[in-house]
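Worksheet: the structure to be examined is printed underneath.
The values are calculated or read from the model by the stated rules, or taken from the named source; none is laboratory data. Here the structure is a predicted model, which means the values were calculated and not measured. Backbone-built Cβ (ideal geometry, glycine too); neighbour counts: all protein chains shown. Calculation scope for accessible area: heavy atoms of the full protein, side chains included, ligands and nucleic acids excluded. Shrake-Rupley method; radii C 1.70, N 1.55, O 1.52, S 1.80 Å.
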Amino acid sequence: MSENRTLPNAKKVFIKTYGCQMNVYDSDRMTDALAPHGYEPTQEMGEADLVLLNTCHIREKAAEKVYSELGRIRDFRDERGPDAKKMLIGVAGCVAQAEGEEIMARAPAVDLVFGPQSYHRLPELVARAGTERVVDTEFPEEDKFAHLPAPRREVTISRGLTAFLTVQEGCDKFCSFCVVPYTRGTEVSRPVAQVLAEARALAEGGVKEVTLLGQNVNAYHGRDDAGRPVSLGALCHRLAEIEGIERIRYTTSHPRDMDDELIAAHRDLDKLMPYLHLPVQSGSDAILKAMNRKHTAAHYLELIEKIRAARPDMALSGDFIVGFPGETDADFEATLDMVKAVGYASAFSFKYSTRPGTPGATMDNQIEEHVKAERLEALQVEITVHQQAFNAGCVGLVLPVLIEKPGRNPGQVAGRSPYLQPVHIAADPGLIGQILPVEIVGRAKNSLEGTIVTAERRAV
Ligand code: 5AD
Ligand code: SF4
């Protein structure tokens, strides 16, 4: 029997994923790494031989969740009694990277702690964890991706029509609020050939839409076969040539890396979707400076203008932090002004959370919690106004929708517009997998409603 077929006595792994899309991608790759060693994924923690928490360290709340979940899993394991088969508990991801030994001390039930750069060593680490407690938070020399096995074609098919593909990891920007440069390390781009091979395998497994991932994805500069660096814009051109890949997206970008080649790709490539997540964090120059963002509000707005000149119907998304140390009422007003000026199609907003080891954590002008809460509420009201206006502007248009899955009700399917909005359509589930022109006839809070037609029109 070949090693990567399901064995009758296959072990089960249960992975719980927190945080960003990169963790979602990583959890799949951990599953792929364990598959040749007889581990099958399960959605039931109760039947698992190995439980992995793939964790997020970006804000305090995210990190604290891990410890409460570990307590719950320990109780669950203890309730199985001494005769129950042994269940190994592992912590992966960014909390593991940042707090390796501390997790071991705070949570004695944990058998294994390993950071994002060790996923290719997972089978070996799990084997060792059977006899000793293991911590691996090294940044190894070798290329993790070159050692991670690809999923079997059937596995890719089972994962659906859209897929994530990590092309870049880590960050060298050191924004003063952010732990990413410490947890994910310095910026590394995967070689072009590796990315293209993975994208081709995804296309062969029926994937229609790839979202390229990276903490700083538009800083991508992977090498081609001749050793020359290739920009994200050029990479998108190469990916667009792959038969079967119909849609390309990427996230998350930094304004300073939004180069002309990438902007031009939005003008020239129909497959590159007109949706851009381009976090600005604040509209105030003083706060942007304190955050070490290395650009001003005016630079950002000029950039948006340039992007819209290349692709007029571009839907913009962003991230905002309220209550960064020193933020005055006037600084916060500038953030509201930024939201109004850009007219985001969607945006995420967060209260500033002090992260150990970052410069922001030791700044002495921290903002009181109730002020952060008030500002967050006001910001979210403003963002919602613009999101609703963007969605309202889509009603009456005919948009190409990738029909992804059955809808909530029988006779309904669900898909995504080019602008990433969920679209609910009364249609035959046999249409799943196709990109079809859909007339938008209505909208709910966070989604659109449509009917299939025969010709399409853009938002602008
Ligand atoms: N506090 C609050 N929000 C943060 N983010 C990153 N670090 C922090 C922090 N310390 C937000 C930023 C980033 C998004 C992924 O998370 O807005 O773009
Ligand atoms: Fe964090 Fe993004 Fe700034 Fe890098 S660019 S430090 S990942 S917020």
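Summary table below
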{"item": "Antiparallel content of DSSP bridges confined to the chain, in %, to 5", "result": "35 percent"}
{"item": "The chain - charge dipole about Cα centre, Lys and Arg +1 at Cβ, Asp and Glu -1, debye rounded to 20", "result": "700 debye"}
{"item": "Protein accessible area in region 11-136, 1.4 Å probe - carbon and sulfur %", "result": "49 percent"}
{"item": "Residues of region 398-459: accessible area per residue with a 1.4 Å probe, Å²", "result": "51 Å²"}
{"item": "With every protein chain in place, region 275-394: carbon and sulfur % of accessible area (1.4 Å)", "result": "57 percent"}
{"item": "Heavy-atom accessible area order for Arg223, Arg416, Arg375, largest first, 1.4 Å probe", "result": "Arg223, Arg416, Arg375"}
{"item": "Exposure rank, largest accessible area first [His266, His37, His386; 1.4 Å]", "result": "His37, His386, His266"}
{"item": "Region 398-459 - percent of accessible surface contributed by carbon and sulfur, probe 1.4 Å", "result": "50 percent"}
{"item": "Residue-level accessible surface for Phe76, protein heavy atoms, 1.4 Å, Å²", "result": "70 Å²"}
{"item": "Per residue accessible area in Å² of region 199-313, where ligands, DNA and RNA are left out and the probe is 1.4 Å", "result": "39 Å²"}
{"item": "Sites Glu132 and Thr354, calculated FRET efficiency, Cβ-Cβ separation with R0 30 Å, nearest 0.05", "result": "0.30"}
{"item": "Per residue accessible area of region 13-142, 1.4 Å probe, in Å²", "result": "44 Å²"}
{"item": "Span-like helix ranges in the chain, DSSP H, alpha carbon extent 24 angstrom or more, Kyte mean at least -1.0", "result": "369-394"}
{"item": "Heavy atoms of Lys372: accessible area, 1.4 Å probe, square angstrom to 10", "result": "10 Å²"}
{"item": "Exceeding the 26 Å Cα-Cα cut-off - candidates Lys65/Lys294; Lys65/Lys340; Lys271/Lys306; Lys11/Lys405; Lys294/Lys351; Lys16/Lys340", "result": "Lys65/Lys294; Lys65/Lys340; Lys11/Lys405; Lys16/Lys340"}
{"item": "Computed lengthening from Glu60 to Asp259, 0.36 nm per intervening residue step minus Cα-Cα distance", "result": "68.3 nm"}
{"item": "Gap separating the Cα centres of region 402-416 and region 239-265, nearest whole Å", "result": "27 Å"}
{"item": "Efficiency of FRET between Glu142 and Arg238 - r from beta-carbon atoms, R0 35 angstrom, step 0.05", "result": "0.90"}
{"item": "Region 302-404: GluC sites (Glu not before Pro) in DSSP coil with no more than 11 other Cβ atoms inside 10 Å", "result": "Glu368"}
{"item": "Arg128, Arg184, Arg106, reordered so the largest accessible area comes first (probe 1.4 Å)", "result": "Arg106, Arg128, Arg184"}
